[in-house]
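K.L.:
Take a look at this one; I'll ask things after.
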Amino acid sequence: MTVRDLPPVDDLTGQQQRGVHCVWCSVALANGTARDLGPRPVDAHGTSALWFPRCCPICWKGHGQ
Ligand SMILES: [Zn+2]
């Protein structure tokens with residue numbers, strides 16, 4: 001799976017970084033409909049970590065695949 005146009009992690013809220021809100025439109029996600037985009041490496045300030053973006057079904061159609 002390839003996900004295009006993932007926003008820069010520094011621009012996201014904590015809730016978006018944790019997968020509570022859609023990474024693109026910030027809508028609150030329900031577990032049944034959220035699309036897991038998979039772990040992403042973060043390269044912020046020389047520290048490597050992972051974040052776990054998720055998105056809503058509407059954004060999935062526009063950005064996913
Ligand atoms: Zn969305």
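K.L.:
Over the chain, with every protein chain in place, what whole percent of the accessible area is carbon and sulfur at 1.4 Å, could you tell me?
P.N.:
Reported share for carbon and sulfur atoms: 52 percent.
K.L.:
Tell me, what is the per residue accessible area of the chain in Å², probe radius 1.4 Å?
P.N.:
Per-residue accessible area for the chain comes out at 65 Å².
The values are calculated or read from the model by the stated rules, or taken from the named source; none is laboratory data. No experiment lies behind these values; they were computed from the predicted model shown. What goes into the accessible areas is simple: the full protein's heavy atoms, side chains included, and nothing from ligands, DNA or RNA. Shrake-Rupley method; radii C 1.70, N 1.55, O 1.52, S 1.80 Å.
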